[in-house]
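The values are calculated or read from the model by the stated rules, or taken from the named source; none is laboratory data. Quantities reported herein were computed from a predicted structural model and do not represent experimental measurements. For neighbour counting, all protein chains shown are included, and Cβ atoms are generated from backbone atoms with ideal geometry for every residue, glycine included. Protein only, heavy atoms only, side chains kept; ligands, DNA and RNA dropped before computing areas. Shrake-Rupley method; radii C 1.70, N 1.55, O 1.52, S 1.80 Å.
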Amino acid sequence: DLLPIWVKRSFCAPQGSTSPPRPREPEEREEAPGAMASPSPARNPTEVQMSQLVLPCHTNHRGELSTGQLLKWIDTAACLSAERHAGCPCVTASMDDIYFEHTISVGQVVNIKAKVNRAFNSSMEVGIQVSYEDLCSGKHCSICKAYATFVAQGPLGSKVRLEPLTPQTEEEKIEYSIAAERRRMRLVHKDTLKDLLTSSPQETERETRDGSGAVPAERTRVESVELVLPPHANHQGNTFGGQIMAWMENVATIAASRLCHAHPTLRAIEMFHFRGPSQVGDRLVLKAIVNNAFKNSMEVGVCAEAYGQEMSISCRHINSAFMTFVVLDEEGHPRTLPMVAPEPGDGERRYREASARKKIRLDRKYVVSCKQTEVPLSVPWDQSNKVYLSYNNVSALKMLVAKANWVLAREKEKVRMYTLEEDKFLSFRIEMSVCITASRAFSLLSNLRRRHEWDSHYVSAEIVQKVDDDDMIYHVVSQKLRNEKKPQDFVILASRRKPCSKGDPYVVAFRSVTLPTHPARAEFTRGETLCSGFCIWPESEEMSKVAYYNQAMPGYLNYVTTNVAGLSSDICSTFEACEKFLLKNKQDLISRLQDF
């Protein structure tokens, strides 16, 4: 689990309309206002809804909701949801990237919905959706979506083992499944930044802009102190995480203003990571500086340090964050910003790291956050975005697996074939039970170099690049499709995952990528796969359910529909050959162990 962080919460909600923290009985229902009076499905027991009317005291000089105030509301709602599941105080461990799509004006209503997506050992992921409502026009608009990690703690800060969460709806099953991938991505975030900096030139190329001189970064430095008082903390005397985030946003805004001499707008926040506790009576010193200014945006680094009454005693690092600001003109378009001249040493390091973080933010936003249908088929592979392409590969398959509308299309002896019809895609799933351990089946099916032993469509598969222990890139050559003059070839990213917890499947996901070293060649027709792969569930110690999923591409569609309609049994026959391959190699393994 993530390291425990200590910004404790009470069960008390702040002022505002917030659903009570006690779990609801199953027969209870809550009707939405207005016309939403029809019966609705049972609510998730961890779901918390908060509605806040934006008053002048919540806004900035433009009459827009302060981002710091919004962060406090988000953190409070997420904490209440976490405590509903844990049944005990919870601490904020981290908050993932947040992208703010719109501002909110005074008089509008902020609606926040939070619920636990998944519980691990002692930590849990809470998903938060924020929207605003205009009471006069009735307009609703999304503001942001966020994911927070909380840790449950018992007396004296001891860890509490959490009960597993059972998702009910299709949406909950998707979030539950992908939560394990998001957790994996959080844990390797620092390594991703380090690898990118290592592989980049030490001297970052400086941008040049006409008519503007570089502003020394030191001119933007801000330092401010806050005394933690009882209203800033819970009943145990620990500072609310949302309050710390709001103070950090305040000093970051001042630093950004010193660069542009205007009122900046916060567009994005990189992951918050809480590192230590803060109590009533502490002095929190908040420091901010502009790390780098790009053409239309700037990154501000901000940290929070805690001191006791004796400020000569060494500080405790509480939190660090990176915030992206823009300056909007009268038409709402981002203005060009002055350049920043970093100070030697640490300033140069922060300047380079800001450029690397911008690249990572773009990867996360456009590879991870976009809808699957908006992702290009063959995404260019780059060492710096490997974490996010791997995440997208596995999460796309998990989303397909969690769909609820699969229909049984054919059944041939032990092999069952299902279809899923959506707007743009026809997907199929084929599954059977095999007398083999799930771990052994996972090992065999994740090795594409052996697929030709059971899949007659495969001619060869060679490893092009071993990314890490869980990700490989293969160049695959397949047989000619009917009416095709040339065989097909593919460049495929294969990502494999072992179960995160009991009940999870073993996963092997495939998707196309492009590599400069393997361009399309005249002797092949370059094929692509958007989403396919295996999921393997243990049914007993010796039995496993093996399922193959494929989101059929147009060039493959005729082959799939012919099999679905019963005019061909090629897919079922291939899967029967897969069973024989698994059983044969299971016996081979037993023989080798006996010989040993």
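Restricting attention to segment 526-546, and to residues there that are of a type in the set (Val, Ile, Thr) and modelled with pLDDT of 90 or more, which single residue is nearest to the chain's Cα centre (by Cα)? Steps first, please.
Taking segment 526-546 as the starting set, the residues that turn out to be of a type in the set (Val, Ile, Thr) are 529, 536, 546.
Subset that is modelled with pLDDT of 90 or more: 536, 546.
Details: 536: 23, 546: 27 Å.
Once the filter is applied, the top-ranked residue is 536.
Can you tell me which residue is modelled with the highest pLDDT among those in segment 178-237 that are of a type in the set (Val, Ile, Thr) and closer than 23 Å to residue 383 by Cα? Break it down into steps so the answer makes sense when it comes.
Just the residues of segment 178-237 that are of a type in the set (Val, Ile, Thr), to begin with: 178, 188, 192, 198, 204, 208, 215, 220, 222, 225, 228.
Applying the additional criterion that residues be closer than 23 Å to residue 383 by Cα yields 178, 188, 192, 198, 204.
On the way: 178: 90, 188: 77, 192: 72, 198: 73, 204: 50.
Here the answer is 178.
Looking at 161, 186, 182, which is the one that is in contact with a Ser or Thr (Cβ under 7 Å, 6 or more places away or on another chain), part of a helix (DSSP H, G or I) and either touching a residue at least 40 places away in the same chain (Cβ under 8 Å) or outside the structural domain of residue 271 (by the TED database) (or both)?
Values: 161 fails: part of a helix (DSSP H, G or I); 182 fails: in contact with a Ser or Thr (Cβ under 7 Å, 6 or more places away or on another chain).
Result of the check over 161, 186, 182: 186.
Of the residues 424, 398, 486, 502, which is under 24 Å from the mean Cα position of the chain (by Cα), assigned to a loop (DSSP other than H, G, I, E, B) and basic (Lys, Arg)?
Values: 424 fails: under 24 Å from the mean Cα position of the chain (by Cα); 398 fails: assigned to a loop (DSSP other than H, G, I, E, B); 486 fails: under 24 Å from the mean Cα position of the chain (by Cα).
When all the criteria are applied, what remains is 502.
For segment 451-507, name all the residues that are within 30 Å of residue 166 (Cα to Cα), hydrophobic (A, V, I, L, M, F, W, C) and open to solvent by 50 Å² or more (accessible area, probe 1.4 Å).
500
So which residues in segment 134-158 are within 12 Å of the chain's Cα centre (by Cα) and either charged (D, E, K, R) or assigned to a loop (DSSP other than H, G, I, E, B) (or both)?
To start, the set of residues in segment 134-158 that are within 12 Å of the chain's Cα centre (by Cα) comprises 145-149.
Of everything in segment 134-158, just one residue is within 12 Å of the chain's Cα centre (by Cα) and either charged (D, E, K, R) or assigned to a loop (DSSP other than H, G, I, E, B) (or both), namely 145.
Could we say that residue 539 is open to solvent by 70 Å² or more (accessible area, probe 1.4 Å) and either in contact with a Phe, Trp or Tyr (Cβ under 7 Å, 6 or more places away or on another chain) or in contact (Cβ under 8 Å) with a residue 60 or more places away in the chain (or both) here?
Working: open to solvent by 70 Å² or more (accessible area, probe 1.4 Å): yes; either in contact with a Phe, Trp or Tyr (Cβ under 7 Å, 6 or more places away or on another chain) or in contact (Cβ under 8 Å) with a residue 60 or more places away in the chain (or both): yes.
Spelling it out, residue 539 is indeed open to solvent by 70 Å² or more (accessible area, probe 1.4 Å) and either in contact with a Phe, Trp or Tyr (Cβ under 7 Å, 6 or more places away or on another chain) or in contact (Cβ under 8 Å) with a residue 60 or more places away in the chain (or both).
Sort out for me the strands (runs of 3 or more DSSP E) sitting completely within segment 217-334 that have 2 or more residues that are in the same structural domain as residue 354 (by the TED database) and open to solvent by 40 Å² or more (accessible area, probe 1.4 Å).
Numbers: elements: 222-227, 265-269, 272-274, 283-293, 298-307, 316-326.
Of the strands (runs of 3 or more DSSP E) lying wholly inside segment 217-334, those with at least 2 residues that are in the same structural domain as residue 354 (by the TED database) and open to solvent by 40 Å² or more (accessible area, probe 1.4 Å) span 222-227, 283-293, 316-326.
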